[in-house]
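Trainee: Let me begin by handing over the structure; questions about it come next.
Nothing in this text is a laboratory measurement; each read-out follows from the coordinates by a stated rule. What you see is a predicted model, and the numbers here were worked out from it, not measured in a lab. Positions of Cβ are generated from backbone atoms using ideal geometry, with glycine treated the same way; all protein chains shown enter the neighbour counts.
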Amino acid sequence: MPAPEEHFTRLWRDHAPAVLRYARRRVDDEQADEVVAETFVVAWRRLAEIPAAELPWLFGVARRVSANIRRSDQRRHALHDRMAEQARLLAQAEPRRATPVLAALAVLPDDDRELLMLLAWDGLTRHEAAVALGCSRGTLAVRLHRARRRLKAAMTLADPEPPTVDHRPAVVAPGGAR
């Protein structure tokens, strides 16, 4: 029997292209790469359990990984819909106070809006938000900094400051002309 590394290398070389084609029929291209990666992580962990018919087994793993990704997308879309509904209800309840914030949130990218709302509206801690979004705390900190910066910029555009008024006394020229 070959060493585990050799077995895995051969498994990857022989079957990764077929698993990628399989995944692309089920999810988008970006997610297909994730399906392949996760499928081979499972294969590595269960290398001794892989049957002689390797490709069908890998397809079974890829099918389950794809289903998990689709369910995750459905949950994310449902969360987005719930957040949009919350924003609509808040705007109705407190239109004067909420409008600049909601207008700014509306123009933010979905990822920024989701992060800010998880923290501010859903009350998650940074650690909990990182878990919910599937990223590290360091990545979350960077994303949060950028999201706040974009929110501030969007709020400035949505609710510009009134023009400044010069309160200094006017100088009156002789004859009454200013």
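Trainee: Taking region 3-54, which trypsin sites (Lys or Arg not before Pro) meet the DSSP loop condition and have no more than 15 other C-beta atoms within 10 Å?
Mentor: Those that pass, being in a loop and sparsely packed, are Arg25, Arg46.
Trainee: Counting other C-beta atoms within 10 Å, and keeping those with at most 14, which DSSP coil GluC sites (Glu not before Pro) do you find in region 1-36? Provide the component values of the computation, followed by the final result.
Mentor: Working: sites: Glu5, Glu6, Glu30, Glu34; in loops: none.
Qualifying residues, ordered by number: none.
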